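Have a look at the structure below before the remarks.
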């Protein structure tokens, strides 16, 4: 299969799995399998920029928006966290950080990445004024009224 066809095939498969995961809540493959395909697509797109597509799964985060909620634009784009599956990934990541900052000593705080819903919360004088799902990273579903029902 030539590289352009491989890119198109990976995009199609990844779009289908995104839909199953985010819209239907019926994932058919593991996050690891998805990430392997996404990483392969990212490498191919870097190697062959002439096949760029702004709708590629490599350029999107989150899910499509629901028709049940009003949508609003995020004040700042919400991104997704990258995964790491090997020590080499972590070493590469740290090397990229060390190139950008002037510090001989870096300390880390690590947390598990748990799947779930990401939200952006805005407060004014300590009161919740808006809550948006990540949505597509640029716009999110306004779930403010739902969030106000959560006891704190």
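Here the Gaussian network model covers the chain, with springs between Cα atoms less than 10 Å apart; of 24, 124, 12, 124 fluctuates the most. Overall form of segment 1-51: prolate. Here a/c, set by the Cα gyration tensor axes a ≥ b ≥ c, is 1.5 or more, and a/b is the larger of a/b and b/c.
Note on the chain: helix-only mean residue ellipticity at 222 nm, from DSSP H runs of 4+ residues weighted -39500 (n - 2.57) and normalised by residue number, equals -10500 deg cm²/dmol. Between segment 67-91 and segment 17-37, the C-alpha centres lie 15 angstrom from each other.
Computed packing ranks the peptides 89-101, 32-44 as 32-44, 89-101, most packed first, by mean other Cβ atoms within 10 Å.
Please give the FRET efficiency for residue 48 paired with residue 145, using the beta carbon to beta carbon distance and R0 = 41 Å, rounded to the nearest 0.05. Calculated value: 0.35. Note on segment 72-120: percent of Cα-Cα distances in each 5 Å bin, starting at 0 and stopping at the bin with the largest distance, equals 4, 13, 19, 20, 17, 15, 9, 2, 0. Taken over the C-alpha atoms, the chain has Rg and Dmax values of 18.5, 58 angstrom. Remark: segment 1-86 projects, on average over all directions, an area of 7.2 nm² (convex hull of Cα atoms). The radius of gyration of the Cα set in segment 37-120, together with its Dmax, comes out at 16.9, 50 angstrom. Spin-label model, residue 33 to residue 59: label points 7 Å out along the Cα-to-beta-carbon direction sit 2.8 nm apart.
Where a number appears in this text, it was derived from the coordinates with a stated rule and is not lab data. No experiment lies behind these values; they were computed from the predicted model shown. Counting neighbours? That spans all protein chains shown, and the Cβs are built from the backbone with ideal geometry, glycine included.
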